[in-house]
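Student: Handing you this structure, nothing more for now.
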Amino acid sequence: MSEATKPRIAYVVRQYPLLCETYIEVEIQLLSERYEVKVFSEMDPESGHLTAQPAPFVTVTDDEASLAALREFAPDLLHGHWMVQLPRMHRLATALDLPYTMRAHSFDVIPSPYMKWWFDKAPVLVPEVVASELCLGVLSFPFGRPILERWGFREDQVVDSFPVVDVQRFMDRSPNGEGVMNVGACLPKKKLGDYLTIARMCPGLHFDHYPVGYRTEDFKARNQALGSPVTIHDPMPHAAMPAVYKAHGWLLYTGDFRLKNLGWPLSVTEAQASGCGVVVAGVRPDLAAYVGEAGYIYGSLEEARDIIKQPFPEEKRELGFELATRCDARANLHQLTDRWAPVLGDAAHS
């Protein structure tokens, strides 16, 4: 199919470009091989995502500006991330009479006190969405299906999907370095104070953290007050992360056992593809299904400490390479584009 006849896909998102949204960026990169993609962001992020070539995007802060920009682009359909964007997406889609798909994440399908406004709104909105028939489907981690169906989505409208990971970028069976790493936003659900505590419990191990913004300064202050048991790095582009994983033996992903709202972190799959041992806080039973027998789920800080002080078993390392392929974004992309086939026909898979 020629460039001129590529179907046009409009992304409707909250913030773009954003360093922590690698799931969006990987999906866009793959779709851009077959579609003309443009991002319509509701607001600018506090900082960019440190890549030289983000997808074409425009910031449109209200519906009027969004509709004008979307009409100019003339998309064939819309696609969005974060279910909290569903109200905006549905308004725009209805005004344009365009079909759309959504990809849920974790904070938008795991109830928590700070998201009460959304979990009150969703059961009222979703029946209206379903009745309009504009929504072609929602892609969600399997643990999100029960609440999506409880809100009113039909069983056939929900697609169980693994995290969107560029697995081949990270797949590397060469030897790993030593030490422990953690990544991501310094949000309450990550309970990074536990990471500092475990680091202090293991004076013979080196601990690194690679943040992506969100309360990093607070985390740095806590680390310094405790004698800096963790080396906190500047934000790094996603393209540089394969080398970071290879330089470490373990990924230790902490979480809050009270909030229980960790999702299925992309970094778990990236670490497994890179040969790292993975240790994740067992805040919910479904995390064990994601980590699999290739890693460890811990229930206490002492248990996490004892795991990372031992060598990572080779049989688990090999299984990690195998399990990582479940999240291969290129292999799984059809889960999304299959939903577009009723609108795009053969062009959905060209």
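The values are calculated or read from the model by the stated rules, or taken from the named source; none is laboratory data. A quick note: this is a predicted structure, and the numbers were derived from the prediction, not measured. All Cβ positions, glycine included, derive from the backbone under ideal geometry; neighbour counts span all protein chains shown.
Student: Take region 188-212 and flag every residue that is assigned to a loop (DSSP other than H, G, I, E, B), over 19 Å from residue 177 (Cα atoms) and not charged (D, E, K, R).
Tutor: 211, 212
Student: Next question. Quick one: is residue 172 buried (at least 17 other Cβ atoms within 10 Å of the Cβ), at pLDDT 95 or above and part of a loop (DSSP other than H, G, I, E, B)?
Tutor: Numbers: buried (at least 17 other Cβ atoms within 10 Å of the Cβ): no; at pLDDT 95 or above: yes; part of a loop (DSSP other than H, G, I, E, B): yes.
Judged against the criteria, residue 172 is not a match.
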